[in-house]
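Here the structure comes first, spelled out in structure tokens, and everything after it is commentary.
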Amino acid sequence: MDKKEVKSMKTDKITMANTFALTVGIVWLICAALVLVFPIFTLSTTRWWMHGMNVGMMGGWGMTSGNFLLGGITLVVSAWVTGWIFGWSWGQMDKKK
């Protein structure tokens, strides 16, 4: 494997991580906006996604600026790490061809 291929693999991992983090960040913003505008609908949607679990027992929505920022930051960081691991895994599997 030459230096160009190694650099390309590193760039691909970072590109994958950045792209996934950006995508999740955009989805987070849309989701937060939906919770603010349509709280009852989003609570119902959450119940559907949780296989009918009574999510209302956990309390109502508590959208604060702190919840929004900390939730978004931790989600985007987790998405970046996941994207990097996915890119690394892809590179490992691609080597075996």
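The values are calculated or read from the model by the stated rules, or taken from the named source; none is laboratory data. All figures in this text were calculated on a predicted structure; none of them were measured in a lab. So basically every Cβ, Gly included, is an ideal-geometry build from the backbone, and we count neighbours across all protein chains shown.
A few notes on this one:
- Considering the conditions (1) under 23 Å from A79 (Cα atoms); (2) modelled with pLDDT of 85 or more, M9 is excluded by exactly one of them, (2).
Matching residues to (1) closer than 25 Å to L22 by Cβ; (2) surrounded by 11 or more Cβ atoms within 10 Å (Cβ to Cβ):
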site: L43; (1), (2): no, yes
site: W61; (1), (2): no, yes
site: N67; (1), (2): yes, yes
site: V81; (1), (2): yes, yes
site: W88; (1), (2): yes, yes
site: K96; (1), (2): no, no
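- Number of the condition not met by G72 [criteria: (1) within 30 Å of M93 (Cα to Cα); (2) modelled with pLDDT of 90 or more; (3) surrounded by 12 or more Cβ atoms within 10 Å (Cβ to Cβ)]: (1)
- Positions within region 9-65 being outside any helix (DSSP H, G or I) and not aliphatic (A, V, I, L, M), in sequence order: F38, H51, G52, N54, G59, G60, W61, G62, T64
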